[in-house]
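The values are calculated or read from the model by the stated rules, or taken from the named source; none is laboratory data. The model shown is predicted, which means the values in this text are computed figures rather than measured ones. Heads up, the Cβs are rebuilt from the backbone with ideal geometry, glycines too, and the neighbour counts pull from every protein chain shown.
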Amino acid sequence: MSVATVTWNSWIERDRFIEPDLTGAELREADLARANLCRAELSKANLARAKLTGANLSEANLTGADLTEASLTEAALSRADLPSTDLSEAHLVRADLSEAELMSADLESAKPVRANLFRADLMGADLSGAKLTGADLREADLSGADLSGADLCGADLSTTSLTQEELEPAIGDENTRLPTDLTPPAHWGVKTDEQAKEN
């Protein structure tokens, strides 16, 4: 399937629910803002630089899709399958990725600012340079994830699965909530409760 430009009415009707099969579709730079793609089949689709602002992609299969630089601001991606998906430099501001499958996904330099990543599976994901400011990462699994230069300022990782070693290369601040068994890396310049008491 070769589609240069896709508009709202090309695939989606406002008042009718459908589950389109767009496996391997060429949707680069397509305009799918606010589209209802709930449970859609989009594996290996090319959605690079696509406009998916406010789109409903809940439970969609995006395995191996190319979402490089895609605009997914306020998009619904809860329970979506995104393993090995390329989301590098994607705009995910306030996106709902709760319980999404993101194992080994490429989120390098992505912007999931204030995104909902509650219970998301991010095992082995590349989050290097990602802007996770204010993101909800409670109960998310970050085991083996690359957090080099990831901005976790104000993010909630209070019940996140990760190790001190995995946390060390990330950026954070006094508003970053960490699991009780982890401490802010020294380069954050944040005083622990014990250090504060000593002073």
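Can Ala115 be described as in contact (Cβ under 8 Å) with a residue 12 or more places away in the chain and within 11 Å of the chain's Cα centre (by Cα)?
Taking the combined requirement at face value, the residue satisfies it.
Is it true that Leu67 is modelled with pLDDT of 95 or more, in contact with a Gly (Cβ under 6 Å, 6 or more places away or on another chain) and buried (at least 21 other Cβ atoms within 10 Å of the Cβ)? Can you show your working first?
Details: modelled with pLDDT of 95 or more: yes; in contact with a Gly (Cβ under 6 Å, 6 or more places away or on another chain): no; buried (at least 21 other Cβ atoms within 10 Å of the Cβ): yes.
It is false that Leu67 is modelled with pLDDT of 95 or more, in contact with a Gly (Cβ under 6 Å, 6 or more places away or on another chain) and buried (at least 21 other Cβ atoms within 10 Å of the Cβ).
Would you confirm whether any residue within region 128-140 is more than 22 Å from Ala48 (Cα to Cα) and surrounded by fewer than 18 Cβ atoms within 10 Å (Cβ to Cβ)? Let's see the steps before the verdict.
In the first step, residues of region 128-140 are kept if they are more than 22 Å from Ala48 (Cα to Cα); the result is 133-140.
Going one step further and asking which of them are surrounded by fewer than 18 Cβ atoms within 10 Å (Cβ to Cβ), we end up with 139.
Yes, some residue in region 128-140 is more than 22 Å from Ala48 (Cα to Cα) and surrounded by fewer than 18 Cβ atoms within 10 Å (Cβ to Cβ).
Testing Glu89 on (1) surrounded by fewer than 21 Cβ atoms within 10 Å (Cβ to Cβ); (2) over 22 Å from Thr133 (Cα atoms), one condition comes back false. Which one is that?
Tallying (1) surrounded by fewer than 21 Cβ atoms within 10 Å (Cβ to Cβ); (2) over 22 Å from Thr133 (Cα atoms), Glu89 fails exactly one: (2).
Would you mention how many residues in region 111-155 are under 15 Å from Thr85 (Cβ atoms) and of a type in the set (S, T, N, Q)?
0
Of Ala115, Ala120, Ala170, Ala150, which residue is crowded, with 22+ Cβ neighbours inside 10 Å and in contact with a Lys or Arg (Cβ under 7 Å, 6 or more places away or on another chain)? Reasoning before the result, please.
Values: Ala120 fails: in contact with a Lys or Arg (Cβ under 7 Å, 6 or more places away or on another chain); Ala170 fails: in contact with a Lys or Arg (Cβ under 7 Å, 6 or more places away or on another chain); Ala150 fails: in contact with a Lys or Arg (Cβ under 7 Å, 6 or more places away or on another chain).
Only one candidate passes the filter, namely Ala115.
If you go through region 136-145 one residue at a time, do you hit one that is basic (Lys, Arg), closer than 20 Å to Glu89 by Cα and within 18 Å of the chain's Cα centre (by Cα)?
no
Take the conditions among the polar types (S, T, N, Q) and either under 20 Å from Pro83 (Cβ atoms) or not in a loop (DSSP other than H, G, I, E, B) (or both) and apply them to Ser158. Does it pass?
Considered against the rule, which asks whether it is among the polar types (S, T, N, Q) and either under 20 Å from Pro83 (Cβ atoms) or not in a loop (DSSP other than H, G, I, E, B) (or both), Ser158 comes out as no.
Name the residue, out of Ala115, Ala100, that is of a type outside the set (Phe, Trp, Tyr) and within 19 Å of Asn61 (Cβ to Cβ).
Ala100
Each row is one residue, and each column tells you yes or no for (1) of a type in the set (Gly, Ala, Ser); (2) modelled with pLDDT under 95; (3) at positive phi; (4) not in a loop (DSSP other than H, G, I, E, B).
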| position | (1), (2), (3), (4) |
| --- | --- |
| Glu19 | no, yes, no, no |
| Arg39 | no, no, yes, no |
| Arg49 | no, no, yes, no |
| Thr63 | no, no, no, no |
| Arg79 | no, no, yes, no |
| Ser84 | yes, no, yes, no |
| Ser98 | yes, no, no, no |
| Met103 | no, no, no, no |
| Val113 | no, no, no, no |
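For (1) touching a Gly at 6+ places or on another chain (Cβ under 8 Å); (2) over 16 Å from Asn175 (Cα atoms); (3) without any contact (Cβ under 8 Å) to a residue 40 or more places away in the chain, each residue gets a yes or a no:
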{"position": "Arg79", "(1), (2), (3)": "no, yes, yes"}
{"position": "Glu99", "(1), (2), (3)": "no, yes, yes"}
{"position": "Met103", "(1), (2), (3)": "yes, yes, yes"}
{"position": "Asp136", "(1), (2), (3)": "no, no, yes"}
{"position": "Leu157", "(1), (2), (3)": "no, no, yes"}
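I'd like to verify a number: residues in region 161-170 that are part of a loop (DSSP other than H, G, I, E, B) and closer than 25 Å to Arg94 by Cβ, how many? Spell out the reasoning first.
From region 161-170, those part of a loop (DSSP other than H, G, I, E, B) are 162-163, 168-170; that's our starting set.
Those left that are additionally closer than 25 Å to Arg94 by Cβ: 162, 170.
Number satisfying all stated conditions: 2.
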